[in-house]
Amino acid sequence: MSGRSLAEELEQVIQNRAGLFAYCSPGTCVPRLFLFATDEIRTYCSWASLPDSKGFLIAPFALSPSTPIVFLPLDGKTDLAQDYIWPTVTEAPSEQQLRHEPTEAYRHAFGTFAQALASGQFDKLVLARQKTSAMQAPIDPIATFACASKLYPDAYTYILYTPATGLWLASTPELLLSGSYNSWQTMALAGTLPAEAIERGGCWSDKNIREQALVTTYICDRLSSLDIETHTSTPYTVRAGRLVHLRTDIAFSLAESNSIGQLVGSLHPTPAVCGLPKEEAMQFIISHEPEGRSYYSGCLGLIDPEGNTALYVNLRCLSIESGVARLYAGGGLLPNSTLQDEWLETERKMQTMGAALR
């Protein structure tokens with residue numbers, strides 16, 4: 001062990017405008033860590049231009065000059081997690097309070113989105129928002145990552161920094177794409193309830209069931225357009241922190257003519273984070289959400305054309321700048337959605353990473 005703390009290394013990475021990517025895969029709390037020199041970091045403005053090589057992909061919700069795809073090549077890289085001192089953290093969640101009253105900005109945005117849905121212009125729209133953490137002390141990013149990986153062992157938990165993206169962390173429950181060679185998987189994850197509602201014998205509303213079914217149909221249709229045959233499970237309930245979601249697993253084979261970049265570019269963003277029709281919904285969101293999403297609801301993870309690819313949707317995430325954490329969350333709106341329910345859904349989603357802040 002070098003005796004150097006990872007917190008010190010992260011400070012040096014940021015100062016040098018270099019790169020860092022650490023993560024824990026679902027089902028394990030053992031982190032993996034990779035560092036990148038500034039000149040190793042690549043940025044791209046289209047899915048078609050992605051290299052056919054192994055590396056970490058970080059993509060935004062919507063490509064733009066200020067939010068490019070970032071690629072961190074892994075050729076010759078080794079896991080450095082054992083070379084640094086990691087903080088010792090407790091799993092006790094940070095205290096949080098739900099704000100029950102929507103902000104004026106959210107009220108206005110909800111009204112705009114609801115009007116578009118009522119007109120029949122869209123089948124679904126996802127409305128996202130942001131808020132700054134109430135924690136006064138500077139956030140410790142590495143301790144927050146370590147805590148999140150313990151609190152949410154079934155999620156994909158990561159911390160990353162690049163000059164193009166800034167500093168981000170998440171414990172996301174949503175897989176976008178995983179697999180190797182012929183065997184591939186994705187999921188349709190949508191619909192949200194507090195876990196205690198299901199534990200008390202509650203059941204899924206028609207709104208949640210329809211919202212999740214729209215995502216399943218979209219993914220299967222997109223894959224079918226690439227001549228890919230899919231096999232789907234029946235929807236089932238999964239837990240993510242203090243919330244539960246409806247999930248359908250989708251399995252398929254990938255022909256050699258289908259590149260990973262082409263596949264991801266076709267699927268992302270799914271209606272779970274965007275809406276339907278997709279292209280029109282994305283433009284509506286970009287035009288009418290109060291704040292840009294940046295890398296929230298984008299996708300990230302490992303691409304490996306010769307091995308196991310695992311990409312996740314960037315949910316239950318936060319960004320950190322100048323020691324201050326900004327939390328992100330969104331909710332799927334249908335014509336029968338209500339302001340209060342959707343607001344509280346975003347509040348509960350923000351509690352996931354809010355509970356891990358250190």
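All of the numbers you see were taken from the coordinates with simple rules; none came from a lab. On a predicted model such as this, the values are computed, not experimentally measured, just so you know. Neighbour counts run over all protein chains shown; Cβ positions are idealised from the backbone, glycine included.
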Check your understanding: Relative contact order of the chain: what whole-number percent is it, with Cα pairs under 8 angstrom and at least 6 residues apart?
Key -> 27 percent
Check your understanding: Residue by residue through region 16-30, which ³J(HN,Hα) values in whole Hz follow from phi under the Karplus form 6.51 cos²θ - 1.76 cosθ + 1.60 (θ = phi - 60°), with glycine and proline marked x?
Key -> 8, 6, 9, x, 9, 9, 10, 7, 10, 6, x, x, 9, 9, 8
Check your understanding: Tell me, how many Å apart are the Cα centres for region 274-323 and for region 111-125?
Key -> 21 Å
Check your understanding: Near the amide H of K54, under 5 Å away, which other amide H atoms are found, from residues 5 or more places off or on another chain, if H is placed in the peptide plane?
Key -> L74
Check your understanding: Amide H to amide H under 5 Å from S94: which residues, 5+ apart in sequence or cross-chain, H placed 1.01 Å off N in plane?
Key -> A356, L357
Check your understanding: Once every DSSP H run of n ≥ 4 in the chain is given -39500 (n - 2.57) and the sum is divided by its residues, what mean residue ellipticity at 222 nm do you get, rounded to the nearest 500 deg cm²/dmol?
Key -> -8500 deg cm²/dmol
Revision key, fill the gap. Along region 90-98, Karplus-curve 3J(HN,Hα) (6.51, -1.76, 1.60; θ = phi - 60°) to the nearest Hz, with x for Gly and Pro, reads 8, 8, 5, x, 5, 5, 9, 10, 6
Check your understanding: Can you work out ³J(HN,Hα) from phi for every residue in region 46-54, in order, using Karplus 6.51 cos²θ - 1.76 cosθ + 1.60 and θ = phi - 60°, giving whole Hz and x for Gly and Pro?
Key -> 8, 5, 5, 8, 4, x, 8, 8, 7
Check your understanding: How much net charge surrounds H268 when only other residues with a Cβ under 14 Å from its Cβ are counted (Lys, Arg +1; Asp, Glu -1)?
Key -> +1
Practice item. Note down the net charge around A329, summing +1 for each Lys or Arg and -1 for each Asp or Glu among other residues with Cβ under 9 Å from its Cβ. Key: +3
**Study point:** Of K131/K207; K124/K349; K150/K349; K77/K349, those spanning more than 24 Å from alpha-carbon to alpha-carbon
**Key:** K131/K207; K77/K349
Practice item. Please go through region 264-358 and write out the GluC sites (Glu not before Pro) that DSSP classes as loop and that have at most 10 other C-beta atoms within 10 Å. Key: E306
